[in-house]
Amino acid sequence: MADALHVHSYGSIESPPVLFLHGIAGHGARFRRLAENHLRDYRVVAPDLRGHGLSDRLPPWTLEQQAADLLRVLDVHDLDSVPVVGHSFGGLVALHLARLAPQRVRKLVLLDPAVKVTPEDAAEYAQTAEVIRDDRGEALATQRHDWPGEPEEHIEEEVTANWVEVDGHWRPRYSPAAVITAWSEMCRAPRLPPPGLPTLLVEATREEFVGPEFVKACRFTLGDDFRHAALDLGHMVYLEDPAGIAALIDEFIR
């Protein structure tokens with residue numbers, strides 16, 4: 001349905017559009033500061049993926065359904081062919097969107113996509129999907145732990161946007177079932193970008209979500225259409241170095 005996904009939009013309606021896809025347990029508004037501070041020449045369209053944020057929480061939560069949801073977003077917002085930026089699980093969704101409808105993806109930017117997740121790691125992470133805290137203070141402490149080094153202002157903003165009080169307890173706004181399913185989906189063999197699709201892969205070298213096999217496969221498939229940037233960053237690349245990541249995106253899609 002048209003309103004299956006809640007969509008955040010930043011920038012002028014007349015600016016070139018870019019579709020941004022968040023990672024697991026996230027939401028589209030995480031890209032607000034990146035858009036407003038570093039990508040002001042673009043119209044950033046950032047939906048909450050199914051099972052996350054304010055979007056539809058009903059299954060299926062498969063990569064195929066997530067990609068189909070995004071096609072509907074493009075249709076509803078009259079977006080024909082756009083650059084797509086996907087972080088982590090959002091990178092996997094972006095790859096599925098590019099395979100489902102290659103004519104709708106003009107360029108592809110993968111920010112440390114989760115293409116190398118073992119079943120053992122996925123099973124371990126899935127066990128932590130249900131997060132319940134007694135009060136807002138504990139929610140803030142949890143967010144600080146998850147985002148070390150982020151300013152307190154950003155921590156407060158994230159808890160306000162992505163935590164909710166239910167029956168006297170605080171929990172993240174996402175559906176735990178959707179997050180568990182996402183971890184399972186990340187164990188699947190990753191799809192590659194379609195041949196001929198200009199693709200920028202930003203790899204966070206402090207983490208192990210990408211791996212040399214995926215880089216080699218992309219380079220073999222795409223040839224001169226592939227660009228690889230290996231950065232000394234953690235997984236949340238656009239939080240750790242927003243100016244640097246924005247510059248890479250701008251240079252690649254402009």
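Laid out as a table, the results:
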{"item": "Kirkwood Rh and Cα Rg combined as Rg/Rh, region 153-227", "result": "1.15"}
{"item": "Gyration tensor verdict on region 33-120 (Cα atoms; rounded if a/c is under 1.5, prolate if a/b is larger than b/c, oblate otherwise)", "result": "rounded"}
{"item": "Whole-Hz couplings from phi, Karplus 6.51/-1.76/1.60, listed for region 143-154; x for Gly and Pro", "result": "5, 4, 5, 6, 10, x, x, 6, x, 4, 4, 6"}
{"item": "Rg/Rh (Cα only; Kirkwood hydrodynamic radius) as it applies to the chain", "result": "0.94"}
{"item": "Summed side-chain charge close to Leu92 - residues other than Leu92 whose Cβ falls under 10 Å, Lys, Arg +1, Asp, Glu -1", "result": "+1"}
{"item": "Three-way shape call for region 25-70 based on the alpha-carbon gyration tensor, with the a/c threshold at 1.5", "result": "prolate"}
{"item": "Phe220 versus Glu153: modelled label distance in nm, points set 7 Å from Cα along the beta carbon direction", "result": "4.8 nm"}
{"item": "Gap separating the Cα centres of region 30-50 and region 152-218, nearest whole Å", "result": "16 Å"}
{"item": "Within-13-Å neighbourhood charge of Asp232 [Cβ basis; K, R +1; D, E -1]", "result": "-4"}
{"item": "Histogram of C-alpha separations across region 113-250, 5 Å bin width, %", "result": "2, 9, 14, 15, 18, 17, 12, 7, 4, 2, 0"}
{"item": "Surface accessible to a 1.4 Å probe, Thr221 within the full protein complex, Å²", "result": "40 Å²"}
{"item": "Placed amide H near Val109: partners under 5 Å, 5+ positions off or other chain", "result": "Val84, Val85, Gly86, Leu200"}
{"item": "Residue-count net charge about Arg136 - beta-carbon cut-off 11 Å; Lys, Arg +1, Asp, Glu -1", "result": "-4"}
{"item": "Largest to smallest accessible area among Ile13, Ile155 [probe 1.4 Å]", "result": "Ile13, Ile155"}
{"item": "Rounded to whole Hz, the Karplus (6.51, -1.76, 1.60) HN-Hα couplings of region 235-240, x for glycine and proline", "result": "5, 7, 4, 7, 8, 6"}
{"item": "Alpha-carbon gyration tensor eigenvalues x 5, square-rooted, for region 76-182, Å", "result": "30, 18, 14"}
{"item": "At most 15 other Cβ within 10 Å, DSSP loop - trypsin sites (Lys or Arg not before Pro), region 12-97", "result": "Arg40, Arg57"}
{"item": "Euclidean distance of C-alpha centroids, region 76-135 and region 224-254, integer Å", "result": "16 Å"}
{"item": "Column: log10 I(q)/I(0), Debye, Cα scatterers of region 206-254, q = 0.19, 0.21, 0.26, 0.31 Å⁻¹", "result": "-0.76, -0.89, -1.08, -1.12"}
{"item": "Whether region 152-192 is rounded, prolate or oblate, judged on the alpha carbon gyration tensor where a/c under 1.5 counts as rounded", "result": "oblate"}
{"item": "Estimated [θ] at 222 nm from DSSP helical runs (n ≥ 4, -39500 (n - 2.57)) normalised by residues in the chain, nearest 500", "result": "-11500 deg cm²/dmol"}
{"item": "FRET efficiency, Arg254 to Glu213 (Cβ-Cβ, R0 35 Å, nearest 0.05)", "result": "0.70"}
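The values are calculated or read from the model by the stated rules, or taken from the named source; none is laboratory data. Keep in mind that what you see is a predicted model, and the values were worked out from it rather than measured. Glycine also receives a Cβ, built like all others from the backbone with ideal geometry; neighbour counts cover every protein chain displayed. For accessibility, only protein heavy atoms count, side chains too; no ligands or nucleic acids. Shrake-Rupley method; radii C 1.70, N 1.55, O 1.52, S 1.80 Å.
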